[in-house]
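The values are calculated or read from the model by the stated rules, or taken from the named source; none is laboratory data. Since this is a predicted model, take the numbers as computed values, not measurements. Here the Cβ positions follow ideal geometry from the backbone for every residue, glycine too, while neighbour counts run over all protein chains shown.
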């Protein structure tokens, strides 16, 4: 690591963030929502409107017949799909999974309840969502309740994708990421993009404590140009401790960003990065898909 290298510094201090690894592969999402409710985890809320705008724009740009196919990387329990395709808010999901009624159910009973819950709130313009995550339990749950049209528990950082995954992703028009970018590299994207037929957009909410540049450089080899939204950032969650906040402030500063009124106010923040072919950037300016507030 060279002195002053923000990418290497951020990577070397990755373990200074509070780990929540045990939450990501439970039989159902109740522990996830119970833990993150007091921390005000909110990235899926911010992504909801952005992703809906992007799905609509992709449909117009690609001239495809709906539904548009979305590939959600690090999809976890299908939260992105829940908010994209259903008349629900993130607050609704917190209330649903932290309620006394939910606590009294077995996982099997919760799955049956959730099938009805989501089916009753399905939007007529729902996208086709494929999920990819290393957590098999989370994928199983999201498929069982109908949030994912297809799901794959694979780690493309360490192994090649299965033929089934590549077939399912063949007509993808939008790849989404709301968390987990720090665990990804171009290795995950190369085989997917090589197999996808037609133009594809990639939208990622990236913590300001790290760098998206290695991934953006990798996407450039597929003729995708990455833009970063500069008009606003998006709160991710509250810090768990003063030490975690100090880590974030130092990492953001080392990356050349200003932490004032963002990380200094007690929250991790993300920035939206959108990668597209040049022609689509001209047709749909980034500012048209980023909410003002």
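A count restricted to the stretch 75-90 and to residues that are in a helix (DSSP H, G or I) and touching a helix residue (DSSP H, G or I) at 6+ places or on another chain (Cβ under 8 Å) stands at 7. Residue 284 meets the conditions (1) in contact (Cβ under 8 Å) with a residue 60 or more places away in the chain; (2) surrounded by fewer than 17 Cβ atoms within 10 Å (Cβ to Cβ) in every case but one. The failed one is (2). Across the stretch 126-149, the qualifying residues are those that are assigned to a helix (DSSP H, G or I) and out of contact with any strand residue (DSSP E or B) (no Cβ under 7 Å at 6 or more places or on another chain), and the one among them that is surrounded by the fewest Cβ atoms within 10 Å (Cβ to Cβ) is 137. If residue 96 satisfies all but one of (1) assigned to a loop (DSSP other than H, G, I, E, B); (2) touching a residue at least 12 places away in the same chain (Cβ under 8 Å); (3) touching a helix residue (DSSP H, G or I) at 6+ places or on another chain (Cβ under 7 Å), what's the number of the condition it fails? Against the list (1) assigned to a loop (DSSP other than H, G, I, E, B); (2) touching a residue at least 12 places away in the same chain (Cβ under 8 Å); (3) touching a helix residue (DSSP H, G or I) at 6+ places or on another chain (Cβ under 7 Å), residue 96 comes up short only on (1).
Can you find a residue that is in contact with a strand residue (DSSP E or B) (Cβ under 7 Å, 6 or more places away or on another chain), touching a residue at least 24 places away in the same chain (Cβ under 8 Å), closer than 16 Å to residue 32 by Cβ and outside any loop (DSSP other than H, G, I, E, B) anywhere in the stretch 57-73? Checked against the condition, which is being in contact with a strand residue (DSSP E or B) (Cβ under 7 Å, 6 or more places away or on another chain), touching a residue at least 24 places away in the same chain (Cβ under 8 Å), closer than 16 Å to residue 32 by Cβ and outside any loop (DSSP other than H, G, I, E, B), the stretch 57-73 yields at least one hit.
Residue by residue, here is whether (1) within 17 Å of residue 77 (Cα to Cα); (2) crowded, with 19+ Cβ neighbours inside 10 Å; (3) touching a residue at least 12 places away in the same chain (Cβ under 8 Å) holds:
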site	(1), (2), (3)
159	no, no, no
183	no, no, yes
186	no, no, yes
207	no, yes, yes
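For residue 31, the stated conditions hold: it is modelled with pLDDT of 90 or more, more than 16 Å from the chain's Cα centre (by Cα) and assigned to a helix (DSSP H, G or I). Of the helices (runs of 4 or more DSSP H) lying entirely inside the stretch 150-261, the ones with 3 or more residues being over 29 Å from residue 284 (Cβ atoms) and modelled with pLDDT of 95 or more are found at 242-254.
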